[in-house]
Every structure is written in C-alpha cells, then in structure tokens.
Amino acid sequence: MCKIKSAVLIDNCAINNFLNSKILESYGITNLISFNNPNKALDYLKETNYRYQLILVDIFMPIMDGFEFIDTFYDLKINKKHGKLIILSSTMDPYHNEMSKMKKIKIIEKPLSIDKILLNMNVN
C-alpha cells in the first residue's frame with residue numbers, strides 16, 4: 001500500500017475518471033473525488049478545508065487544458081492548500097514535456113499506474 005490516502009481526478013472523460021479511481025482505490029487511496037469540469041474542480045479545491053495529497057489533471061480538456069488549469073491553480077494560490085499536482089497525458093508530446101518542465105510540474109503518460117505516481121512523488 002502507498003502512503004497517499006487522498007486524490008482528486010480531473011478529466012473531461014468520465015470513463016477515464018472511473019478507471020483511474022479504481023486503480024487508485026486498489027492501492028488504498030480512500031478519499032477520492034473526480035471532476036469532468038476543471039472550473040468546478042478549481043472552485044471545489046479553493047473552497048474545501050480538506051487537504052488533498054495528490055491532484056491528477058488531464059492535459060487535453062475542451063473547457064481549459066491542463067496547463068491553463070495549472071496556471072489558474074497557482075494564480076488562485078490553491079497550491080498552498082493541497083499536495084502534489086501531476087499532469088496526465090495520452091501522448092508525450094515534446095511541447096508538453098517542455099511546458100511541464102517550465103512549470104516544474106511532473107507529467108505521467110496514460111495509462112495511470114501507482115508506480116508512475118510514486119516515481120513522480122518520490123514517496124512509497
């Protein structure tokens with residue numbers, strides 16, 4: 001089991017959120033919430049008093065992409081309330097890799113696995 005117990009999933013695809021939640025639950029992450037709309041996720045994360053250890057955000061979303069989400073997340077200073085933010089991507093585009101390096105955000109290629117998360121969080 002991993003030390004992470006809480007996570008937020010943000011992906012416009014409900015199936016991806018469902019599958020990723022099942023993967024995370026299988027490793028003992030018990031407090032999970034998912035959002036199909038990144039704006040609703042930002043509102044929730046800004047207002048909640050609960051501190052989530054991990055936030056996984058998809059890079060390709062129609063309302064706001066993962067990098068726009070990250071910019072807003074930091075502009076609103078939500079990062080001070082919560083743990084690690086990691087981008088999920090179905091393609092490891094060189095541009096996305098460069099953007100993630102510039103923003104100092106880790107990027108994980110789908111499909112999600114706990115090993116990929118732990119490697120990018122430096123915990124076990």
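Please treat every number below as a calculation from the coordinates, not as lab data. Please read these numbers as outputs of a predicted model, since none were measured by experiment. Note that we place each Cβ from the backbone using ideal geometry, even for glycine, and neighbour counts take in every protein chain shown.
Convert 20 °C to kelvin, take the viscosity as 1.002 mPa s, use the Kirkwood radius over C-alpha pairs of the chain as Rh, and evaluate the Stokes-Einstein diffusion coefficient in µm²/s, rounded to a whole number.
Working: Rh = 14.3 Å.
For these conditions, the coefficient is 150 µm²/s.
Going through the cross-link list LYS5/LYS80; LYS5/LYS116; LYS22/LYS116; LYS3/LYS106; LYS22/LYS81, which pairs have a Cα-Cα distance over 21 Å in this structure? Result: LYS22/LYS81 exceed 21 Å.
What's the local net charge at MET61, with K and R +1, D and E -1, over the other residues with C-beta under 9 Å away? The answer is -4.
To make sure I understand, if each residue's beta carbon is the centre and we count other beta carbons within 10 Å, what order do THR72, THR30 fall in, fewest to most?
THR30, THR72
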